[in-house]
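The values are calculated or read from the model by the stated rules, or taken from the named source; none is laboratory data. Here the structure is a predicted model, which means the values were calculated and not measured. No Cβ is skipped: glycine too gets one built from the backbone with ideal geometry, and neighbour counts run over all protein chains shown.
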Amino acid sequence: MKLHTLQSTLLAFCLLAVSLPARAQQKLEAVRIGSRIDVTIAGKFFTSYRFAEDEKYPFFFPVNGPSGVSATSMRNGEYPHHSSLFFGCDKVNDGNYWQEGLDRGRIISQGPVLEAASGNQIVIRDSCDWTRPDAPQPLRDTRRIVISAPTPQLRQIDFEITLEAMEDVVIQKTNHSFFSARMDPDLTPLYGGTMINAAGAKGEKDTFGKPSPWLACFGARDGKTTEGLAILQHPQNPGYPTPWFTRDYGFLSPTPMFWPANGKDTRIPKGNTLRLCYRVLVFSGTTESAGIAGKFDDFTKLKFETQK
């Protein structure tokens, strides 16, 4: 798979082009508290965007479902580099911007800005420098994150992330690449939940390495309420649909750098950019009852401009 390099462009955020009627939307509020931004939906806590200086990278945790319980989990002794909902990459110009060890590489927020702090949506802008000691900075990313709640049974986080090469960048083959989620155990196949992709394939065995527009995990909370989380890839992402790196213990990531079609390293010349858009849905019910396939179709109708 060849990832195209894209010239920088001025454009409106692709994920704001379509919205549901205002009467269906839930009111959101956001407030910055130290090194995090807390978001509430209809007065109830939803998530925090965390960007402390001693973290490997910015991330969201928790990411609460409609039940009020997080759909994601936060690190453990076996996988301390899985930080809920996050974006990073290993093997970037010999640095590691994914796994633990700040000296191996860090993605440092320059200070997020709340572009919209209340109403039908929250908008967060951030600029992040990819750095490590005694090495040139390979990348800078700019991200625009839009959070909404189209219905009481659905939470939505839209990500537009643009990577700019500050030097000639070489990314070697790695399973640790870009957008990822670590699920709460209740929602994973290992503990009785369901992992499913757009083709209906289930579990790690049948979803690992398979290209798919979207992938989700869902399961029952305390044997009662069912809810889940889905990651959707925008069709205009380079390499779409990217194969997925999945694990039955609850890891899911559309991982473009592990399956390059030409079998070679990915190169981004200095000054070029790579733009990626994702939608995260946190929902009540199953993927079928929540209509995830239809919601993906809505996502595909949103367009953003590119120039090669």
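Could you list all residues from the range 179-201 that are in contact with a Ser or Thr (Cβ under 7 Å, 6 or more places away or on another chain) and closer than 17 Å to residue 79 by Cβ? Matches in the range 179-201: 179, 180, 181, 182, 183, 184, 185, 195. Checked against (1) within 20 Å of residue 275 (Cα to Cα); (2) within 20 Å of the chain's Cα centre (by Cα), residue 168 meets all criteria but (2).
I need the full set of residues from the range 74-112 which are farther than 18 Å from residue 174 by Cα and of a type in the set (D, E, K, R), in order please. Result: 75, 78, 103. Counting only strands (runs of 3 or more DSSP E) that fall entirely inside the range 60-123 and contain at least 2 residues that are surrounded by 15 or more Cβ atoms within 10 Å (Cβ to Cβ), in contact with a Gly (Cβ under 7 Å, 6 or more places away or on another chain) and not hydroxyl-bearing (Ser, Thr, Tyr), the qualifying elements are 95-97. Can you tell me which residue is nearest to residue 168 (Cα to Cα) among those in the range 219-272 that are among the aliphatic types (A, V, I, L, M) and not in a loop (DSSP other than H, G, I, E, B)? Per the stated criteria, the residue is 268. Among the residues of the range 164-180, some residue qualifies, meaning at least one is over 20 Å from residue 292 (Cα atoms), modelled with pLDDT of 95 or more, in a strand (DSSP E or B) and charged (D, E, K, R).
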